[in-house]
Each structure stands twice: as structure tokens, then as C-alpha cells.
1. May I ask you to say which residue of Pro207, Pro226 is open to solvent by 30 Å² or more (accessible area, probe 1.4 Å) and assigned to a loop (DSSP other than H, G, I, E, B)?
2. Which condition does Pro251 not pass, out of (1) out of contact with any Pro (no Cβ under 7 Å at 6 or more places or on another chain); (2) open to solvent by less than 50 Å² (accessible area, probe 1.4 Å); (3) closer than 22 Å to Gly198 by Cβ, if it passes all the others?
3. Output the number of residues of region 183-204 satisfying the condition of being of a type outside the set (Val, Ile, Thr), under 14 Å from Val261 (Cα atoms) and open to solvent by less than 20 Å² (accessible area, probe 1.4 Å).
4. Just to be sure before I move on: is Ala148 of a type in the set (Gly, Ala, Ser) and over 27 Å from Thr65 (Cβ atoms) in the structure I sent?
5. Output the residue which, of all residues in region 50-72 that are of a type outside the set (Lys, Arg) and open to solvent by 20 Å² or more (accessible area, probe 1.4 Å), is nearest to the chain's Cα centre (by Cα).
6. Could you list all residues from region 23-49 that are over 20 Å from the mean Cα position of the chain (by Cα) and either more than 15 Å from Val89 (Cα to Cα) or not β-branched (Val, Ile, Thr) (or both)?
7. Going through region 229-239 one residue at a time, which ones are within 27 Å of Lys125 (Cα to Cα) and buried (at least 18 other Cβ atoms within 10 Å of the Cβ)?
8. Answer yes if at least one residue in region 201-215 is out of contact with any helix residue (DSSP H, G or I) (no Cβ under 6 Å at 6 or more places or on another chain) and without any contact (Cβ under 8 Å) to a residue 60 or more places away in the chain, and no otherwise.
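The values are calculated or read from the model by the stated rules, or taken from the named source; none is laboratory data. Not measured: the values here are computed from a predicted model. Counting neighbours? That spans all protein chains shown, and the Cβs are built from the backbone with ideal geometry, glycine included. In case anyone asks, the SASA skips ligands and DNA or RNA and just uses the protein heavy atoms, side chains included. Shrake-Rupley method; radii C 1.70, N 1.55, O 1.52, S 1.80 Å.
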Amino acid sequence: NPGDEIIVPTPYWPSHLGIPQLCGATAVLLETRAEEEYVLQPAALEAAITPKTRMLILCNPSNPTGALLPRAALEGVAAVLRRHPQVVVLADEIYELIAYDEPHVAFATLDGMYERTLTVNGFSKGAAMTGFRLGYVCGPHGAIKAMAKVQGNNTSCPSSIAQHAGVAAVTHAHGAFAEAATANFRRKRDYVVGRLRGMAGVSCPVPQGAFYVFPTVSAFYGRTAPSGAAPHDSTSLCDYLLREEHLALVPGAGFGAPGCVRISYATSMEALQEAMDRMERGLAKLCK
């Protein structure tokens, strides 16, 4: 209903902000901090909830930060929500198979949360099926039945080809496949984080899931390159690196974090090595 509030932790995936707006709800942004590994804090959540709050969007592991909420952090969130029965959870868990030092825990498995959680998932990430555009949602029967009515008059259904591919993913993407993919991502994560932490002026938490790093680069705002370029925010810094070094990064402003940039390490090690060389070279040109 108009005036209903949906809590969206920042940094956020842009759709998590756009969907509440499309529905006529009010998005309430709840900051998470790099110093706390971008993990949602229960006290901050409690402070953000009002009588108008109807939903919390919880992306775990997170795009864009790669943060993963371990079981203890999720239990803290659940403890807050038990005091506010009007709040349901939209749990975006599409990166569940890409977790490093802590296992992924489905929010709906926590005590009392199954009945009030809508779990969104799909095959684009853990099964590397990005082009099939196949996803799903699990939740209480009444909510799913209502969603089916909307989908049936909107997209009808996924193609049979995508559905058969999804069956193969459910059968084969777990176990050895996921373990090998995660080990590969871990090696690339460690390399990129190590390179970023070696660049003066850059700070970067170690992500525990997904395949993104989200370094803070605001120390370079207001500096000037020999070419005359003077980045003043994440967008202009990314534009500078694109023009000067032919390096494409994603500005943090689009994720509600203007001091950061997003880097995906879901590519070859050779590409990552070249990318880090270009980033280091471009940032070094910016004089205080």
C-alpha cells in the first residue's frame, strides 16, 4: 500500500531499490559499513523499523560487496524481526553456492522465519547460466499463488529449453562443480584483494561470498592527473580510468555507495592481472 516501507541495506543491488519504488512503496535505506565487512547490524535494523515497515530485502551473499552474513549475524537479524511480526523478508540468495570461509545459511531455515520469508534464487551465478534468465521464488503458499497469477498473465513461463537446463543445474551444480568453481573464485579474490590493498589510498574488505570486491577509492577524489582530468566522485573516477587506461569499473554511486567502485573477478587471471596493473598505474598518476 502507498506509504508502506521496505528496508533496503546499502550498498544495494539497483533492482532492490527500483522494485519498491515501482510498487509504490517507500524504500528506507539502511547503511552497512566497510569497517564491519558490510554485515547488517541488528541494532541498526531495529532503529530503522517503524509501524509502516512491511519488508526487509536481504541479499546474502551480497552484490555488490560480496559480504556474507554468517549464521550468528542472521540469528541477530531474526531476533529483531521476531519483535516485529508485520515485517516479511525478501531473501535474495542467488550467490548461495559461492561462499568462502563461512557456509551460506538460508534465512528461511532459522526458527520462525520460514513462514515470513520469500527466498529468491536462480541459476545465473552458481550454475553459470547467465544467458538462460531462469530463476525462482520459494515462500508461503498464499504469496506464491498470488505471484503465479501475475506471472501467468505477464511472461506465462520460461522456455522449455531453459527449464531442462535448470533441471540439469539442480542435478549437477552442487557438490564437486560448486566446490571447484568456488576454489577458482577464491584464488582470484585473494589476488585482487592483495593487489588493491597494495595500492596507496585504496582500502578493501575481504568479501566472503559472490565474485565481487568493493574497494573504497574516495581518497583519490579531488586529485588531478597530468592530462588535466580531476575525478571528483566514483563516476568521474571510473570515466578517468576508462579514458586513461581503458579499464572498465562500475561506479559505487549506482549501488548507493559513492565512495566505492565495484570490481568483478569472474574472468581470467590474465585479465585480472592486466586490470590491476592498469588501475594501479592510473591511480598513481593522480597527484594530491
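1. Pro226
2. If we test Pro251 against (1) out of contact with any Pro (no Cβ under 7 Å at 6 or more places or on another chain); (2) open to solvent by less than 50 Å² (accessible area, probe 1.4 Å); (3) closer than 22 Å to Gly198 by Cβ, just (3) comes out false.
3. Looking only at that region, the number is 2.
4. yes
5. Within region 50-72, the subset of a type outside the set (Lys, Arg) is 50-51, 53, 55-70, 72.
With the extra rule that they be open to solvent by 20 Å² or more (accessible area, probe 1.4 Å), the set shrinks to 50-51, 55, 59, 70, 72.
On the way: Thr50: 25, Pro51: 27, Met55: 18, Cys59: 6, Pro70: 15, Ala72: 19 Å.
The selected residue is Cys59.
6. Just the residues of region 23-49 that are over 20 Å from the mean Cα position of the chain (by Cα), to begin with: 23-26, 43, 46-49.
The answer is Cys23, Gly24, Ala25, Thr26, Ala43, Glu46, Ala47, Ala48.
7. Ser234, Cys238
8. no
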